[in-house]
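Read through the structure below, which is laid out as structure tokens, and then see the notes.
The values are calculated or read from the model by the stated rules, or taken from the named source; none is laboratory data. Given the structure is predicted, the values throughout are model-derived calculations rather than measurements. Cβ coordinates were reconstructed from backbone atoms using ideal geometry, including for glycine residues, and neighbour counts include every protein chain displayed. Protein only, heavy atoms only, side chains kept; ligands, DNA and RNA dropped before computing areas. Shrake-Rupley method; radii C 1.70, N 1.55, O 1.52, S 1.80 Å.
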Amino acid sequence: FSLANMKNGIILVTSPNANDLKTTTSINLAISMAHIGAKVLLVDCDLRNASIYRQFKLSNQKGISRVITGFESFEESVVRDVVPGVDFLSAGPVTPRPSELLGSSSMIDFLKRQAYYYDFVIIDTSPINSVSDSLAMTSVAAGMILVARQNKTTINDIDKAIDSIKMANGKIIGFIQIGRASCRERV
């Protein structure tokens, strides 16, 4: 139901901490959307710790960091149909100021262009309690999905992440808990 009222198909996937399985969630979400017939772009915007390229056994030499800085085009960097219906754009080489790059007007323009072409743009971002990189894109995104991990993510971790998202005027459109433990609702 959240998807029906979105302003666009740009979805940020984040977690409070590292190793909360947000990357696995991003990949699975992209594949699931493609299975229902959507055209999906999966973008690895965890510029400090890119990892999706490894899951697909690809290189990280080209990617969003090079596209946004103008060193290469989207067409040169995107990998078409890594799975049917899902195109993939890796993070690319490490950049000295990830938050500034992700919040730049070039990044915002890039995402708006892709949202026009794709049904969904799924963006895997850095853990929100570690760095503010994901918050730089909240203005253009339809919303964020917050991923928590059973027996690892604490209520305090979740509260801190939610507070950060609210302070950035971000919108939480979903919460995914990996495991069976229950979390206090606050979203």
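Structural remarks
- Rounded to the nearest whole Hz, the Karplus-based 3J(HN,Hα) values (6.51 cos²θ - 1.76 cosθ + 1.60, θ = phi - 60°) of the stretch 118-131 follow the sequence 9, 5, 9, 10, 9, 10, 7, 10, 5, x, 6, 7, 8, 9, with x at glycine and proline.
- Adding -39500 (n - 2.57) for every DSSP H run of four residues or longer, then dividing by how many residues the chain holds, sets the calculated 222 nm ellipticity at -8500 deg cm²/dmol.
- Sorted peptide list for 91-97, 146-152, criterion being average Cβ within 10 angstrom, highest first: 146-152, 91-97
- GNM result for the chain, Cα springs below 10 Å: residue of P98, P16, P84 fluctuating most strongly: P84
- Rule-of-thumb Rg ratio for the chain [Cα; 2.2 N^0.38 Å; N residues]: 0.95
- For a straight C-alpha distance cut-off of 25 angstrom, the lysines reachable from K160 (same-chain residues fewer than eight places away being disregarded) are K22, K152, K171.
- Extension gain for N169-I36 works out to 44.9 nm (0.36 nm per residue, less the C-alpha to C-alpha distance).
- In the chain the longest region clear of chymotrypsin sites (Phe, Trp or Tyr not before Pro) that are loop-assigned by DSSP and have at most 16 other C-beta atoms within 10 Å covers 72-187.
- When you count the other C-beta atoms within 10 angstrom of each residue and take the mean per peptide, 101-107, 42-48, 23-29 line up highest first as 42-48, 23-29, 101-107.
- Accessible area in square angstrom per residue, the stretch 40-187, 1.4 angstrom probe: 49 Å²
- Prolate/oblate/rounded call for the stretch 56-135, Cα gyration tensor, a/c under 1.5 rounded: rounded
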